[in-house]
Amino acid sequence: MEYSNSIYGLFFFLFLLPILSAFPHNSTSTVQINSNSILVALLDSHYTELAELVEKALLLQKLEEAVGNHNITIFAPRNQALERDLDPEFKRFLLEPRNLRSLQTLLMSHILPSRIASTHWPENSLRHQTLSNHRLHLTVNPSGKKSVDSAEILRADDVIRPDGVIHGIERLIVPRSVQEDFNRRRNLRDISAILPEGAPEVDPRTNRLKKPAPVPAGAPPVLPIYDALAPGPSLAPAPAPGPGGARHHFNGERQVKDFIQTLLHYGGYNEMADILVNLTSLATEMGRLVSEGYVLTVLAPNDEAMAKLTTDQLSEPGAPEQIIYYHIIPEYQTEESMYNAVRRFGKISYDTLRLPHKVVAQESDGSVKFGHGDSSAYLFDPDIYTDGRISVQGIDGVLLPLEEENEDESSSIRRAKIPLVKVATKPRRGGMKLET
């Protein structure tokens, strides 16, 4: 009887053996990480803020797989860049559970799926793809300092392990997709928190405002943008009536600050950002216009183009502002919309905030070319910043209005040069009187 039971148990075990072998074993399904791994070194390093974000982003398993497949290079921002230098509102955005994908994209944009030590740093400017498919620009300046995008390498080869290397950098690298997602979420939150109010209507006979009519939140303003511009630098700008009256639907000053920070993070547009920061009246007025419901497209010359400006072009009072005004289009345009327009119509004239000058755009070499002759520029870095209200397009030259250079000085009728003061229509005080 005992012999028959043992035979029965043996047959039962042989029957279950192929079924059990079909299930994977947990002990071999995950990648085994050595205690000497670069990932373990990151979690135990002095980059505590970055290590904490990696854990909150639930990236450990994905990074373990990456380390198991190849060497990696980690660009680790110092703790101060994440503790004190980072915008608190942006940090709250990253830590919200619904923005987990943005946090993961941000962190994986600091990791290359290859090993690049300081001794093997590329001499030529090259772009390397990260784990998030974002490309990092590795450069070396003439003094020998290494940088990745706009962040300088502070501690090269700070941590070295057989499967990777960590370089300490001065600041956080923010991909464009994460910045745009942050701007979009914040703007939608601002709009949804405000009840719609009436936008003003203008009586064409008296040029006075009619009784406000109810309009949806964020509706475009009734008055032309030129009527909303300040009369001149010597006069205090008066707020133009726009959607919502005193309560704006958009925080224009914050959006202007966002796109200036984006220019700095993008790299290669520091001169443009510097002018916008130092010319506070210009940045303030742009923010006010956006708050009133107007939209703007900024054609931003890169640093190489700004360096070609002469002292004479910048020495006259108001000259820098007038140059920037000529690069601002009172429309919302993207690379796609402008390229489609020039492809369809051949040549397009866009109004600018520098009255009465227009900037001409046309197709050239598969891109969009602005301006005329020597003062022309190509669309170089498209869609640097787009949030639905402000669009920033990088160009490789400084645009200048077409001046009348061949005027006959002895002519009795001379056309006056455009003054370096902002032109705006004078407000009327009541209706027009008709003489009989």
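The values are calculated or read from the model by the stated rules, or taken from the named source; none is laboratory data. Here the structure is a predicted model, which is why all the values come from computation and not from measurement. Cβ atoms come from the backbone with ideal geometry, glycine included; neighbour counts cover every protein chain shown. Accessible surface areas use protein heavy atoms only, side chains included; no ligands, DNA or RNA. Shrake-Rupley method; radii C 1.70, N 1.55, O 1.52, S 1.80 Å.
When Gln80, Gln129, Gln104 are screened for being in contact with a Lys or Arg (Cβ under 6 Å, 6 or more places away or on another chain) and under 27 Å from Asp258 (Cα atoms), only Gln129 passes. The residue pairs whose first member lies in segment 334-356 and is more than 17 Å from Ser367 (Cα to Cα), whose second member is among the charged types (D, E, K, R) and outside any helix (DSSP H, G or I), and whose beta carbons are closer than 6 Å, counting only pairs six or more residues apart or on different chains, are Asp351/Lys358.
Only one of the numbered conditions (1) surrounded by 14 or more Cβ atoms within 10 Å (Cβ to Cβ); (2) within 26 Å of Arg254 (Cα to Cα); (3) out of contact with any Gly (no Cβ under 7 Å at 6 or more places or on another chain) is violated by Tyr339, and that is (2).
When the test is whether a residue is at pLDDT 85 or above, of a type in the set (Asp, Glu) and open to solvent by 20 Å² or more (accessible area, probe 1.4 Å), Glu170 passes it. Quick check on my filter: what residues within segment 30-44 are open to solvent by 10 Å² or more (accessible area, probe 1.4 Å) and part of a loop (DSSP other than H, G, I, E, B)? Those that are open to solvent by 10 Å² or more (accessible area, probe 1.4 Å) and part of a loop (DSSP other than H, G, I, E, B): Thr30, Val31, Gln32, Ile33, Asn34, Ser35, Asn36, Asp44.
Do we find that Asn71 is touching a strand residue (DSSP E or B) at 6+ places or on another chain (Cβ under 7 Å) and modelled with pLDDT under 85 in this structure? No.
Selection of segment 115-146 for residues being of a type in the set (Ser, Thr, Tyr) and surrounded by fewer than 16 Cβ atoms within 10 Å (Cβ to Cβ) yields Ser118, Thr119, Ser125, Ser143. Of the residues making up segment 290-306, those that are small (Gly, Ala, Ser), farther than 15 Å from Leu400 by Cβ and not in a strand (DSSP E or B) are Ser291, Gly293.
Anything in segment 89-146 that is part of a loop (DSSP other than H, G, I, E, B) and in contact (Cβ under 8 Å) with a residue 40 or more places away in the chain? List them, or say none. Listed by number, the residues that qualify are Ser109, His110, Pro113, Ser114, Arg115, Ile116, Ala117, Leu131, Ser132, His134. Within segment 45-67, residues that are in contact (Cβ under 8 Å) with a residue 60 or more places away in the chain and surrounded by 14 or more Cβ atoms within 10 Å (Cβ to Cβ) reach partners that are of a type in the set (D, E, K, R) and not in a helix (DSSP H, G or I) with beta carbons closer than 6 Å, at six or more positions or on different chains, in the pairs Val67/Asp163.
Tell me whether segment 127-134 contains one or more residues that are more than 21 Å from the chain's Cα centre (by Cα), farther than 20 Å from Ala57 by Cβ and either at pLDDT below 85 or not assigned by the TED database to the domain that holds Ser291 (or both). No, there is no match, as no residue in segment 127-134 is more than 21 Å from the chain's Cα centre (by Cα), farther than 20 Å from Ala57 by Cβ and either at pLDDT below 85 or not assigned by the TED database to the domain that holds Ser291 (or both).
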